[in-house]
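Trainee: Below you will find the structure I want to go over with you.
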Amino acid sequence: MLHTHQRQSRFELFFYYCVAFLLLWEWLRPLQDLTETSHTSYFIIFIGLTSLFTFFRLKWYVTFPICAGLILLALYLIFYQLETSYPAALFADIKDNITIMSMGMWSDMYPSFRTLLFYILLWLLVYLLHYWVVYQQRIFFFLLMTIVYVTILDTFTPYDATFAIVRIMVFGFCLLGLLYFDRLRSAEGVRVSQKARFHWFLPMLALVLVSALIGASLPKSEPKWPDPVPFFKAVTNQDGTAGQNKVGYSTDDSYLGGPFSEDRTPVFKWSGKEPSYFRVETKSIYTGKGWEDASNDNKPTQLKDDDVPNRWFTERVKTEVHETRVDMEPDYRFNHAVYPIGTITLTPMENIPLQMMGKTEKIVPSIQNPPKNLGNYQISFLSPTFILEDLQQIKVPTKQQVNQQVGRVYLQLPSSLPERVKTLANSLTETKDNMYDKAKAIEDYLESAKFSYETQNVAVPGRNEDYVDQFLFKTMIGYCDNFSTSMIVMLRSIGIPARWVKGYTSGQLYETQIDGNSVYEVTNNNAHSWVEVYFPNRGWVTFEPTKGFMNPETITNEAVASDQTDDQKEDEDQPTFDDAREDQQPEQPRQQEEQQAEPKEQTAQTKSSMVYVGSIMGYVAGAVSLLGFISWMLYRFRARWLLFFIVRKVKRLPDEEAFFYAYASLLKQLKRRGIEKKPGMTLREFASLIDGNDGDHHMSELTQLYERAFYRREDASELWRQSAKLWENLINKR
């Protein structure tokens, strides 16, 4: 009996593959809206090419190098363009993630490694669809899972699946009908002409399209719950009432907005002399609805000897060392650290190893079974004092300068951001000529009487509405998330690098100790978000745009100290963001020399980039060449190593099936050795040719037994037992 895919025309198979590809595409469409993934086109191209390779039934030694090369190229373009050695960085990340997986820390895997696993999953899924459609002729399970997946996203997320559901139903029912027709045709053994098949398909397609059109156009009742998520939270007695959450730290900031109720549950106490905001993490990717982690850097860095690896300020900033002790409440359910900006050491009382997570700067345990929270720990931190006149000397940097010093993520904005947000930011700052005054102008605007601080009557942006745009131009009512996010978006729109920080304020005074230290209690009500702006050669400066809150950092009006050290003066002479400006200060000759030097520096940078790209392409070409050579060697000597798998499979098959598979495998093995049965030649003629070369009659004897089993329908099991040894001798000889 012929296989199913042999009975189908190439056009039918191609149609099946196209519909299956479109169904799989529906799984990828929501990623662009619901996650920080910004390269879904790479995934779509990958599944499209993989489907084509499967349709043309290319050999695995052809498809594997190509698909592996596509995955490596995509990982490079997404994550590793700035790495000096792409292969070394990739293998190091894979090694690190295997260690993380072995420790059970699944949430700490790098985005690059998760993307690699996702590509492998898509690869396997394409082959699984090939098996379902071509061999099983069933697609109902995958169609059902697609419908469930899309409808859940449509219900519980901002993703609008109205047209997606219609597309899925049309594609799915057409494919279901065609595959059911094929199963009937196979079961009855009936051959149907293409014309008759087409006449059967047209009424089915018309019925599906008419049904979908009627279903989409009919009026629908209003939803029972405008937003089902708060309803289910209320039914299951989770935090908050229906439609309202409790204030406090949350790991998910992807959808901001909505009211919240107060919560006086204690989080931690701290003792010290210097009040400060206590950071938990920063987030850098604004999606139009909320904040996501930076996808290109989530690698942990171990805290060696309790030293925190980050340095938030340069040596030009005047700082004072302070000590504080943090005592987490036993019931606090998160195991991250809370710490002031400028922290240099963090010493847990329980000697728990810690790590800082990439750009989020979140400090968490690095052990397999971490405690519920960090308990008590001691912090040493640098409290900065910024000089106003010094900050006002810094001009807005170029994008290239920002990318080189802090990274492109701190200027990231979604393409859907309304233009009027950028227009407002420009109008507020156009009369200012330096970074600080521009940032202060936006901060003062948000603190003006136009905006109100409110926690109850706070709107949630609609499906096609931007969170910042809604706050700035419609409601003008909100809490810290609204104010801080709006300031960052406006800063980025005028080229100033900024990031979103979340954590806690310093809380309320709890008691005063004998040694002069004050003890403060921090509750969930003190959960807060604020803004940090990067100033070149100074560091991160805190801004507080939320009405009613005071910036904990000190910015003084005193003049820049004249007794700067020689090192500081040399540092000022180095090219900074200031050097890019054109002002009317007296030092015209030096500025002209610097401006003339800029093209040379840019040329050097361009050459360096070209060398870097060339080296990366060399690595990629070398890897592809190596994979190609290995594939060619495996193909060249396939007759030797495939023999082992053929013999093993024959031994595992039932006797009534083994003979037919074994004989067909022997013919293929002879073909691999260069002995091929010519068209029109019978099996007996081919066997005689083989025996003539070998000087015996073994092939003819085996062929006669095979013909008795295949044509006369004699007992295949008995005939195989008679010929198994003969077959084994023949195939081992080949």
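Trainee: If the requirement is being under 30 Å from E361 (Cα atoms) and either in contact with a Lys or Arg (Cβ under 7 Å, 6 or more places away or on another chain) or open to solvent by 20 Å² or more (accessible area, probe 1.4 Å) (or both), which of these qualifies: F113, F118, F64?
Mentor: On the way: F113 fails: either in contact with a Lys or Arg (Cβ under 7 Å, 6 or more places away or on another chain) or open to solvent by 20 Å² or more (accessible area, probe 1.4 Å) (or both); F64 fails: under 30 Å from E361 (Cα atoms).
Just a single option satisfies the conditions, and that option is F118.
Trainee: Another question about this same structure. Which of the residues spanning segment 670-691 are farther than 23 Å from R712 by Cβ, modelled with pLDDT of 80 or more and part of a helix (DSSP H, G or I)?
Mentor: Once the filter is applied, which keeps residues that are farther than 23 Å from R712 by Cβ, modelled with pLDDT of 80 or more and part of a helix (DSSP H, G or I), segment 670-691 yields L670, K671, L689.
Trainee: Next question, about the same structure. Taking the condition of being assigned to a helix (DSSP H, G or I), under 16 Å from the mean Cα position of the chain (by Cα) and at pLDDT below 85, how many residues in segment 91-112 meet it?
Mentor: 7
Trainee: Going by what's in this entry, would Q405 be described as open to solvent by less than 60 Å² (accessible area, probe 1.4 Å) and under 28 Å from the mean Cα position of the chain (by Cα)? Steps first, please.
Mentor: Values: open to solvent by less than 60 Å² (accessible area, probe 1.4 Å): no; under 28 Å from the mean Cα position of the chain (by Cα): yes.
No.
Trainee: Among the residues of segment 487-521, count how many are among the β-branched types (V, I, T) and either within 13 Å of Y277 (Cα to Cα) or crowded, with 21+ Cβ neighbours inside 10 Å (or both).
Mentor: 5
Trainee: Restricting to segment 307-330, what's the tally of residues that are touching a residue at least 60 places away in the same chain (Cβ under 8 Å), more than 20 Å from T282 (Cβ to Cβ) and assigned to a loop (DSSP other than H, G, I, E, B)?
Mentor: Selection size over segment 307-330: 3.
Trainee: To continue, here is another question. Starting from segment 495-514, take each residue that is free of Cβ contacts under 8 Å to residues at least 40 places away in the same chain and list its partners that are outside any loop (DSSP other than H, G, I, E, B), counting only C-beta distances under 7 angstrom and pairs at least six apart or across chains.
Mentor: Final answer for the pair search is Q508/Y520; Q508/E521; L509/S518; L509/Y520; E511/V519; T512/S518.
Trainee: Which fully enclosed helices (runs of 4 or more DSSP H) of segment 355-457 have 2 or more residues being under 27 Å from V338 (Cα atoms)?
Mentor: Working: elements: 388-391, 399-405, 419-429, 435-446.
The qualifying helices (runs of 4 or more DSSP H) are 435-446.
Trainee: Does segment 674-696 contain any residue that is touching a residue at least 60 places away in the same chain (Cβ under 8 Å), surrounded by 14 or more Cβ atoms within 10 Å (Cβ to Cβ) and of a type in the set (F, W, Y)?
Mentor: Applying the first criterion (touching a residue at least 60 places away in the same chain (Cβ under 8 Å)) to segment 674-696 yields none.
Looking for residues that are touching a residue at least 60 places away in the same chain (Cβ under 8 Å), surrounded by 14 or more Cβ atoms within 10 Å (Cβ to Cβ) and of a type in the set (F, W, Y), one finds none in segment 674-696, hence no.
Trainee: If you don't mind, another one. Test F313 against the criterion of being open to solvent by 10 Å² or more (accessible area, probe 1.4 Å), among the aromatic types (F, W, Y) and closer than 27 Å to R408 by Cα, and give yes or no.
Mentor: It is true that F313 is open to solvent by 10 Å² or more (accessible area, probe 1.4 Å), among the aromatic types (F, W, Y) and closer than 27 Å to R408 by Cα.
Trainee: Of the residues that make up segment 379-392, is at least one among the aliphatic types (A, V, I, L, M), in contact with a helix residue (DSSP H, G or I) (Cβ under 6 Å, 6 or more places away or on another chain), open to solvent by 10 Å² or more (accessible area, probe 1.4 Å) and within 27 Å of I555 (Cα to Cα)? Write out each step before concluding.
Mentor: Restricting attention to segment 379-392, the residues satisfying the condition of being among the aliphatic types (A, V, I, L, M) are 379, 382, 387-388, 391.
Subsequent filtering for residues that are in contact with a helix residue (DSSP H, G or I) (Cβ under 6 Å, 6 or more places away or on another chain) retains 391.
Subset that is open to solvent by 10 Å² or more (accessible area, probe 1.4 Å): none.
No, that holds for no residue.
Trainee: I've got another one for you. Scan Y467, Y410 and give me the residue that is of a type outside the set (K, R) and either open to solvent by 20 Å² or more (accessible area, probe 1.4 Å) or more than 17 Å from V533 (Cα to Cα) (or both). Break it down into steps so the answer makes sense when it comes.
Mentor: Values: Y410 fails: either open to solvent by 20 Å² or more (accessible area, probe 1.4 Å) or more than 17 Å from V533 (Cα to Cα) (or both).
One residue alone meets the criteria, Y467.
The values are calculated or read from the model by the stated rules, or taken from the named source; none is laboratory data. No experiment lies behind these values; they were computed from the predicted model shown. In this analysis, Cβ positions are derived from the backbone assuming ideal geometry, glycine residues included, and neighbour counts consider all displayed protein chains. Please note that ligands, DNA and RNA were not included when accessible areas were found on the heavy atoms of the full protein model with its side chains. Shrake-Rupley method; radii C 1.70, N 1.55, O 1.52, S 1.80 Å.
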